[in-house]
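Input: a single structure, listed below in structure tokens.
Derivation of every value follows stated rules applied to the coordinates shown; laboratory data play no part. Just so we're clear, the structure is a prediction, and the values are computed from it rather than from any experiment. We place every Cβ from the backbone using ideal geometry, glycine too, and count neighbours over all the protein chains shown.
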Amino acid sequence: MSKWKQFFSYFIFIVLILILLYLGIRYEVTLRFQASKIYNPMYYYIFTSLFSILFGIALALPRLFYGLKKTGNWSLDWIKLLAIGTPTLLLNLSLILIAYTPVGKIKYFMTYNPFIEMMMTDESMISLCGTIFGYILISSFNKTEEIN
């Protein structure tokens with residue numbers, strides 16, 4: 001791949017990522033405003049969680065496309081998926097779990113530990129964890145080349 005072709009492919013990729021980010025944040029702000037009017041943040045929580053995962057998947061797409069060009073068999077790095085993916089997914093879904101499941105009834109246990117409370121209720125942390133999970137979800141799939 002020539003340097004210019006590589007440059008333009010990265011440039012187009014980052015422009016598409018920025019467009020996705022702009023549209024997602026714009027819709028998230030609309031949902032936040034709507035949630036404050038109707039006093040039901042369920043759709044806002046769901047969109048925030050799913051959008052951050054989608055954004056992480058989008059960031060990992062170049063790696064996936066690179067793997068598609070290789071020959072060999074696909075493998076799943078389940079250790080990475082379990083060790084990094086599971087905690088980040090749970091933290092990403094924590095607002096939904098706290099608000100709409102019995103887990104929310106034990107929230108008073110978190111008040112004794114400000115670190116855990118911040119991890120489970122801070123929107124920036126939740127979005128970051130969703131982005132990490134989306135990236136790990138795609139990057140856990142690898143194509144190993146066969147050696148003859």
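Among the chymotrypsin sites (Phe, Trp or Tyr not before Pro) found in segment 1-104, those both in a DSSP coil and sparsely packed, with 11 or fewer other Cβ atoms within 10 Å of their Cβ, are Tyr39.
In the chain, helical runs assigned H by DSSP with n ≥ 4 each contribute -39500 (n - 2.57); averaged across all residues and rounded to the nearest 500, the mean residue ellipticity at 222 nm is -23500 deg cm²/dmol.
Our Cα-only numbers for the chain put the radius of gyration and Dmax at 18.7, 64 Å.
Given their separation in residues at 0.36 nm each and the Cα-Cα distance between them, Lys80 and Ile38 gain 11.1 nm when the chain is fully extended. Under 5 Å from the amide H of Lys143 lie the amide H atoms of Ser75, each residue being 5 or more positions distant or on a separate chain, with H modelled from the backbone and absent for Pro and chain starts.
Projecting the Cα atoms of Met125, Tyr22, Tyr43 onto the charge dipole of the chain, computed from C-beta unit charges around the Cα centre, puts Tyr22 farthest toward the positive end.
Taking segment 117-146, which GluC sites (Glu not before Pro) meet the DSSP loop condition and have no more than 14 other C-beta atoms within 10 Å?
Glu145, Glu146
The magnitude of the dipole of the chain, with charges of +1 and -1 set on the Cβ of Lys/Arg and Asp/Glu and taken from the Cα centre, is near 340 debye. Note on Asp122 and Lys5: with the Förster distance fixed at 35 Å, the Cβ-Cβ geometry gives a FRET efficiency of about 0.30.
Label points 7 Å out from Cα along the Cβ direction at Leu20 and Phe65: separation in nm? Modelled inter-label distance: 1.1 nm.
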